[in-house]
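Heads up: the structure comes next, in structure tokens.
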Amino acid sequence: MKEYKYKINGNPYTVVVNDVDENNIAHVEVNGTPYKVELNKPVKAAAKPITRPASTPRTSTGAPVVSRPAGGSGKDAVKSPLPGVILEIKVKEGEEVKKGQVVVILEAMKMENNINAHKDGKITGIKVNKGDSVLENADLVIIE
């Protein structure tokens, strides 16, 4: 049952939609007077409830898939600016990078985001893998 209140040409109306039967007839009341209203199109069925997985996803080693922000390690890390999924890692450990060079491609909100090096340096560690889900401020790569 749904109740709606309308004002048409200054006159108040209370409309109560009680139910819709299998013949597309809606049983409604307008200011207490019952009506049967024939609908042109069938009413869509209620959406199926969303089912959530029973447990959190894990990698083949049993570690959780989500990378948590690491505590201050003293090293200079390129951090994830927002939560997302790692699509591609564009650098390798030991590689020299320049400021502004793309190091990781992160998918967030169905968009690909280029994550750039914030300084010149050498990649000394890669903290994520392709396909990992990361949270905001998670370390992606370490530059020294």
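The values are calculated or read from the model by the stated rules, or taken from the named source; none is laboratory data. None of the values given here were measured: they were computed from a predicted structure. Because the Cβ atoms are built from the backbone with ideal geometry, glycine has one as well, and the counts that use them run over all protein chains shown. These accessible areas exclude ligands, DNA and RNA; they are computed on the full protein's heavy atoms, side chains included. Shrake-Rupley method; radii C 1.70, N 1.55, O 1.52, S 1.80 Å.
Structural remarks
- Within the range 75-104, considering residues that are in a strand (DSSP E or B) and within 17 Å of the chain's Cα centre (by Cα), the one farthest from SER133 (Cα to Cα): LEU87
- Cβ-Cβ contacts under 6 Å between residues 6 or more apart (or on different chains), taken from a first residue in the range 118-137 that is part of a loop (DSSP other than H, G, I, E, B) to a second residue that is open to solvent by 80 Å² or more (accessible area, probe 1.4 Å), are listed as LYS119/LYS99; ASP120/LYS98; ASP120/LYS99; ASN137/LYS79.
- Considered as a group, the residues in the range 108-117 that are part of a strand (DSSP E or B) and more than 19 Å from VAL97 (Cβ to Cβ) include one that is farthest from the chain's Cα centre (by Cα), and that residue is GLU112.
- Candidate set from the range 1-30 (those that are open to solvent by less than 50 Å² (accessible area, probe 1.4 Å) and outside any strand (DSSP E or B)); member that is farthest from LYS41 (Cα to Cα): ASP21
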